[in-house]
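See below for the structure under consideration.
The values are calculated or read from the model by the stated rules, or taken from the named source; none is laboratory data. Please read all numbers here as calculations on a predicted model, not as lab measurements. Note: areas computed on protein heavy atoms with side chains; ligands, DNA, RNA excluded. Shrake-Rupley method; radii C 1.70, N 1.55, O 1.52, S 1.80 Å.
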Amino acid sequence: MIPLKQGGTGSRSEFEQQPDFLPDCFESGTPNGPGIAGLLAGLHFVREEGIEKIRQEEGRLMKSSSPA
């Protein structure tokens, strides 16, 4: 099967081969911006709420969903 397009190797998209210099040789593709933003939001949430409060809420939810 012949690919529709080739290239897209990060900073040197005009070439089909990945660059051999740092840091570009490890940076192919597009960074997962939404995933990074979501991770940051999750970290802020945990720091604001506190691990113990989250653990208590998880325990409450587990008890309410378990069969009687």
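Here are a few things to note about the model shown:
- Filtered residues of region 17-54 (kept if under 13 Å from the mean Cα position of the chain (by Cα) and not hydrophobic (A, V, I, L, M, F, W, C)): Thr30, Pro31, Asn32, Gly33, Pro34, Gly35, Gly38, Gly42
- If the condition is being open to solvent by 100 Å² or more (accessible area, probe 1.4 Å) and outside any helix (DSSP H, G or I), then region 52-68 contributes Pro67, Ala68.
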